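Below: the structure, in structure tokens.
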């Protein structure tokens with residue numbers, strides 16, 4: 001499946017998406033947020049389209065070609081038709097919620113003509129089946145089953161209309177029902193899955209909850225695109241999403257920093273050094289592995305495994321590059337020499353990549 | 001197994017531990033850091049004992065009874081004997097690294113007499129088997145197998161000395177070999193497992209990497225105690241550890257905050273409100289679930305499921321308590337009324353707990 005020019009599923013990379021927080025009708029604010037998301041590496045952006053004012057902004061937003069856009073629409077098939085006509089790259093709409101079959105057909109027909117996929121998005125917080133007959137909220141497998149059953153009703157409506165450009169999400173705040181639901185539906189349908197833990201909270205807590213939930217599924221090979229939901233600037237969502245994918249070696253984007261927590265054995269001033277190295281690495285786009293280690297117990301091993309690494313000792317330290325000792329330094333030389341080494345290794349990466357891309361003579 | 005008065009494994013709760021970053025020989029600094037860790041909820045604290053000065057500080061550190069202490073010792077069996085004599089609650093030492101069998105016997109004998117368990121700690125960065133015959137670092141299953149084999153050599157030494165108060169850790173920076181190693185050893189031995197992702201980096205990236213690695217294992221029921229390794233104040237490690245356990249419903253400690261990322265549908269000023277609610281919740285010890293939601297799509301569902309929740313609308317919002325609508329408010333009343341509600345629900349929890357604990361008349 002393609003959303004604009006971005007492939008979802010089919011063995012392609014797991015795609016990172018986010019959603020704007022601005023009023024979609026405010027074209028300037030929304031465009032600016034989209035641009036910031038794209039700068040951060042976001043590959044697909046979703047915008048809420050709750051009303052005609054928002055829908056009316058889509059042509060202008062789509063005229064600024066930066067990234068494929070998804071329109072998030074609830075209940076109103078006319079907004080969906082307007083969005084497709086404007087050239088939206090994907091709809092998030094649940095066909096069972098937009099009224100009779102004639103309305104579904106209109107939307108499906110428009111999507112077919114334009115090659116626009118539909119994401120069916122089920123959130124535990126918004127389906128009546130999430131509560132049992134006693135009115136109490138379901139949990140665990142019972143909630144997962146309810147979410148899957150609800151999603152499958154929407155899937156069947158689209159399949160009956162011979163529409164198969166379907167993506168599915170099944171989000172809950174709790175990790176267990178989310179994992180169970182995705183595992184179950186992954187066995188039932190061939191469609192790409194959009195992963196998320198819904199309303200997961202602030203950066204401080206939500207990134208941990210999202211990392212666990214998405215991490216469990218991605219490690220099992222489930223999930224084609226992810227969105228981390230945080231109560232924060234959505235640029236943070238993109239950062240966390242890529243850190244999840246990098247931690248699992250699923251995507252590479254910029255550096256990975258190995259650094260130790262330090263302990264009573266550490267005889268260098270580690271925390272400020274690591275903070276400064278992290279700043280240096282923020283400007284490096286190549287996929288380097290850098291290690292900054294406080295002592296000789298695990299330091300040399302980790303430093304040797306990295307593209308470039310430092311193992312500290314008593315006020316002195318050793319820099320390793322590519323598995324070999326490069327130099328032994330005093331503590332005041334750590335940051336400048338590490339920085340120089342990082343820039344050199346990054347330049348080597350760029351040169352190797354350029355050579356690979358060069359036309360064969 | 002008990003570490004001091006803290007039970008590890010055997011169906012008990014997953015225990016949170018951390019490690020001091022101070023020089024252990026500096027009793028005042030180390031005591032202060034231990035006290036801050038205990039305040040944050042840390043249940044066991046490890047201190048590095050790299051030399052005799054550090055070992056000499058143990059009697060004084062152990063005289064201030066706050067939390068069980070583990071001495072982290074490498075290579076030197078005399079430091080281990082000194083630590084046990086001082087009354088340490090657990091050793092982290094690898095018996096294969098301390099010399100001949102006579103030295104092992106001395107340590108084991110001392111531990112048996114005092115009821116002191118031993119953690120065998122294998123870090124991928126510090127074992128020779130982590131590299132293949134070609135000198136290249138192993139990854140994935142090959143690295144996991146090497147870590148498990150290395151750990152089992154230490155385990156056999158202790159078992160041959162008829163010592164079974166063993167804990168094991170198998171840490172790597174990469175998630176995949178760590179997960180494979182713990183899964184494998186969990187099937188091989190009956191001993192409690194200490195989980196960690198080693199040298200996982202800063203708060204920003206390391207908490208994500210640790211959450212995924214530990215989360216995958218904990219969700220499978222593997223792991224009896226955890227330590228999150230971050231290049232940061234160790235109080236952060238305790239916070240992240242509990243967030244991981246809370247996210248998986250394994251432990252309860254303070255509140256869980258459900259909050260949405262907001263989007264173009266949100267018509268209240270959500271981010272500052274959520275920030276302030278997070279501050280209010282930092283002072284609440286009861287295990288509340290609080291929801292702060294921006295709109296009517298998922299808001300009412302999530303708010304209804306929480307102990308107390310707000311679902312925003314156009315400049316107004318509804319507070320739910322215990323699944324029922326409590327009141328409808330203007331935006332300027334959100335924070336004071338939510339705060340009042342949170343404090344009331346927390347007081348109800350305390351009263352219920354006190355009633356449960358009261359002696360039967």
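The values are calculated or read from the model by the stated rules, or taken from the named source; none is laboratory data. Since the model is a prediction, treat every value here as computed from it, not as a measurement. Counting neighbours? That spans all protein chains shown, and the Cβs are built from the backbone with ideal geometry, glycine included.
With respect to the conditions (1) over 17 Å from the mean Cα position of the chain (by Cα); (2) surrounded by 24 or more Cβ atoms within 10 Å (Cβ to Cβ); (3) within 9 Å of another protein chain (Cβ to nearest Cβ), residue A:147 falls short on a single one, namely (3).
Might you let me know whether the stretch A:102-113 holds any residue that is out of contact with any strand residue (DSSP E or B) (no Cβ under 6 Å at 6 or more places or on another chain), touching a residue at least 12 places away in the same chain (Cβ under 8 Å) and within 12 Å of chain B (Cβ to nearest Cβ)? Scanning the stretch A:102-113 turns up no residue that is out of contact with any strand residue (DSSP E or B) (no Cβ under 6 Å at 6 or more places or on another chain), touching a residue at least 12 places away in the same chain (Cβ under 8 Å) and within 12 Å of chain B (Cβ to nearest Cβ).
Would you list the strands (runs of 3 or more DSSP E) that sit entirely within the stretch B:36-94 and hold 2 or more residues that are within 14 Å of chain A (Cβ to nearest Cβ) and under 22 Å from residue B:232 (Cβ atoms)?
Working: elements: B:44-48, B:69-72, B:90-92.
Result: B:44-48, B:69-72.
Residue count for the stretch B:310-324 under the criterion of being surrounded by 14 or more Cβ atoms within 10 Å (Cβ to Cβ) and farther than 22 Å from residue A:136 by Cβ: the result is 4. Go through the stretch A:325-343 and give me each residue that's loosely packed, with under 13 Cβ neighbours inside 10 Å and touching a residue at least 12 places away in the same chain (Cβ under 8 Å). Residues satisfying the conditions are A:328, A:330. Of the residues in the stretch A:297-308, at least one is under 26 Å from residue A:251 (Cβ atoms), in a strand (DSSP E or B) and away from chain B (no Cβ under 14 Å). Once the stretch B:124-144 is narrowed to residues that are within 12 Å of chain A (Cβ to nearest Cβ) and part of a helix (DSSP H, G or I), the residue that is surrounded by the most Cβ atoms within 10 Å (Cβ to Cβ) is B:124.
Looking at this structure, is residue A:230 within 17 Å of the chain's Cα centre (by Cα), within 30 Å of residue A:30 (Cβ to Cβ) and at the interface with another protein chain (Cβ under 7 Å from one of its Cβ atoms)?
Numbers: within 17 Å of the chain's Cα centre (by Cα): yes; within 30 Å of residue A:30 (Cβ to Cβ): yes; at the interface with another protein chain (Cβ under 7 Å from one of its Cβ atoms): yes.
Judged against the criteria, residue A:230 is a match.
Do we have residue A:103 as farther than 24 Å from residue A:189 by Cβ, outside any loop (DSSP other than H, G, I, E, B) and touching a helix residue (DSSP H, G or I) at 6+ places or on another chain (Cβ under 9 Å) here? Taking the combined requirement at face value, the residue does not satisfy it. The listed residues are A:86, A:29, A:35, A:66, and the only one of them that is farther than 20 Å from residue A:195 by Cβ, touching a helix residue (DSSP H, G or I) at 6+ places or on another chain (Cβ under 9 Å) and at pLDDT 95 or above turns out to be A:86.
A single member of B:281, B:326 is in a helix (DSSP H, G or I), touching a strand residue (DSSP E or B) at 6+ places or on another chain (Cβ under 7 Å) and more than 9 Å from chain A (Cβ to nearest Cβ), and it is B:281. If you filter the stretch B:252-278 down to residues that are in contact with a helix residue (DSSP H, G or I) (Cβ under 6 Å, 6 or more places away or on another chain) and more than 11 Å from every other protein chain (Cβ to nearest Cβ), you find that the one that is modelled with the highest pLDDT is B:276. Only helices (runs of 4 or more DSSP H) whose full extent lies in the stretch A:160-269 are considered here, and the ones with at least 1 residues that are free of Cβ contacts under 8 Å to residues at least 12 places away in the same chain and surrounded by 23 or more Cβ atoms within 10 Å (Cβ to Cβ) are A:203-219. One residue alone among A:4, A:41 is surrounded by fewer than 19 Cβ atoms within 10 Å (Cβ to Cβ) and at positive phi, and that residue is A:41. Considering (1) at pLDDT below 95; (2) within 14 Å of residue A:78 (Cβ to Cβ), the lone condition that residue A:104 does not fulfil carries the number (1). Inclusion of residue B:175 among residues that are within 14 Å of chain A (Cβ to nearest Cβ) and either over 28 Å from residue A:262 (Cβ atoms) or under 16 Å from the mean Cα position of the chain (by Cα) (or both) is not warranted.
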